[in-house]
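Here the structure comes first, spelled out in structure tokens, and everything after it is commentary.
Laboratory data are not the source of any read-out in this text; all were calculated from the coordinates shown. Since the model is a prediction, treat every value here as computed from it, not as a measurement. Cβ placement follows ideal geometry from the backbone for every residue including glycine, while neighbour counts extend to all protein chains displayed.
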Amino acid sequence: MDSERVSALRDSGENHFSPRSNGGSERTPLKLPFIIGVAGGTASGKTTVCNMIISQLHDQRVVLVNQDAFYRSLSNEQLQKVNEYNFDHPDAFDTELLLSCMEKLRHGRTVSIPNYDFKTHKSIEPGRMVNPSDVIILEGILVLHDSRVRDLMNMKIFVDTDSDVRLSRRIQRDTVERGRNVENVLDQYAKFVKPSFEEFILPSKKHADVIIPRGADNHVAIDLIVQHICTKLGQHDLCKIYPNVFVIHSTFQVRYGNAYACEGTKTTKHDFVFYADRLIRLVVEHGLGHLPFTEKQIITPTGSVYCGVVFCKRLCGVSVIRSGESMENALRACCKGIKIGKILIHGEGKNGRELIYEKLPSDIASRHVLLLDPVLASGNSAVKAISVLLNKGVAESNIIFLNLIAAPEGIHTVCKKFPRLKIVTSEIDMTLNKDMHVIPGMGEFGDRYFGTGSSQHHPK
């Protein structure tokens, strides 16, 4: 993988592409960003609401785009009659340019956003360079007015604030920040702002998914919005098809580790093992969270009562030799004294799998099983391993399959055949190539982790 993709990930990303590569020049687009539109009347608190949302999304890349930046520059003739110009009318904005910039951001391209000067009423150079992000917030009085702009949004918010409050805020803002006098502000409000609000802005309220009364003072509404955004960001499309598939939350730590673990020849064995171990530990801990538990009260050293939980004790791990053995240390670190069995499967042609060896706890039928294999590709080896466990009497619902990356083909194969087990992974990759290797992939995981083989950087 070229170093610019890793650098892009570390620096919050100038290029909206996956840090993972199949070793070639192919650049794989990430899933589309989550786009939020925030509308409302003048001085309703839209920007404050946006900043509160951004502050709570501290583990995601977020960019704020203001519709005000897309005001059309006024001609000299218009400037001479600026008091007669309606800045709250849809025609005051260059909506075509706004759509163009949003489409570029949506498809992973850096854009230059105009820099509008409210004192001269003109766009000035240079513009503001905006990079693609996980979340794009588009804020402005009329962002919900045009259906073409609305269609770009995953979530539409209307900030609903009392008109008297909005007027007082506008007077303060325009006199302090934009060099206008009170008489001019009130005249413009009565002539243009209030009529345009009633004709264009207020009717767009019906398009909102969420209406926030009292604006930024409504902390409950903002908290709920942030929770919804985080849930949507953490979901892959396959998670909506198969409720038994769980992708751990994609924080900067997860993506940072994936960037290093997935990089090609520039990553040493030592670095690969270090970052792979970090990811494995996160996956194991997430997987343990799906085990049944009972509540337990304990007495702390201060004499206080603490209500905790105790996980089921009938638990074991099973690693698919050999790459699955890389996950054993993390499991032992989380579950002291846990029993770990082994399964060795050999490929026969393109789809066939043969069981070569198995060594499992004699009482495995009564246990919950964490099946360990870092890469889920076609799913054929996984199906064979799961079938072995079922033949030993393990309940399908008692199996949790842990891996670092999974191909959609493998998820389909496993989930269609075993809908009651759980799959926990750190990332769902793009696809398989003609050789049934995961793309972009991590390469031959076992060879890279244990430092063996001459083709350790080829896709697996």
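Miscellaneous remarks
- Cβ crowding within 10 Å, taken as a proxy for footprinting-reagent exposure, orders Ile171, Ile439 from fewest neighbours to most as Ile171, Ile439.
- Table column - 3J(HN,Hα) (Hz), the range 123-128, Karplus curve with 6.51, -1.76, 1.60, x for Gly and Pro: 7, 10, 8, x, x, 9
- For the pair Asn154 and Glu285, a Förster radius of 25 Å applied to the C-beta separation gives a FRET efficiency near 0.25, rounded to the nearest 0.05.
- Beta bridge orientation in the range 32-232: antiparallel %, DSSP, nearest 5: 25 percent
- Under the simplified labelling scheme, the Lys416-Lys434 pair shows an inter-label distance of 2.3 nm, with each label point 7 Å from Cα along Cα→Cβ.
- Calculated FRET efficiency for the pair Leu224/Ser362, C-beta based, R₀ 45 Å, to 0.05: 0.35
- Cα shape, the range 32-232, gyration tensor, a/c 1.5 rule: oblate
- Reported label for calculated Cα Rg over 2.2 N^0.38 Å given (i) 1.71; (ii) 1.22; (iii) 1.00: (ii)
- Among beta bridges identified by DSSP and lying wholly in the chain, the antiparallel ones come to about 35 percent.
- HN-Hα J in Hz across the range 239-244 - Karplus 6.51, -1.76, 1.60, θ = phi - 60°, x for Gly and Pro: 5, 7, 7, 10, x, 8
- Subtracting the Cα-Cα distance of Glu84 and Ser387 from their residue separation scaled by 0.36 nm leaves 101.4 nm.
- Distance from the C-alpha centroid of the range 307-386 to that of the range 209-238: 38 Å, rounded to the whole angstrom.
- Beta bridge orientation in the range 57-147: antiparallel %, DSSP, nearest 5: 60 percent
- For trypsin sites (Lys or Arg not before Pro), the sites in the range 269-343 that DSSP calls loop and that have at most 11 other Cβ atoms within 10 Å are Lys313, Lys336.
- Taking each DSSP H run with n ≥ 4 as -39500 (n - 2.57) and averaging over every residue of the chain yields -9500 deg cm²/dmol at 222 nm.
- Bridgeable aspartates and glutamates around Lys336 (alpha carbons under 14 Å apart, same-chain partners fewer than 8 residues away excluded): Glu285, Glu328.
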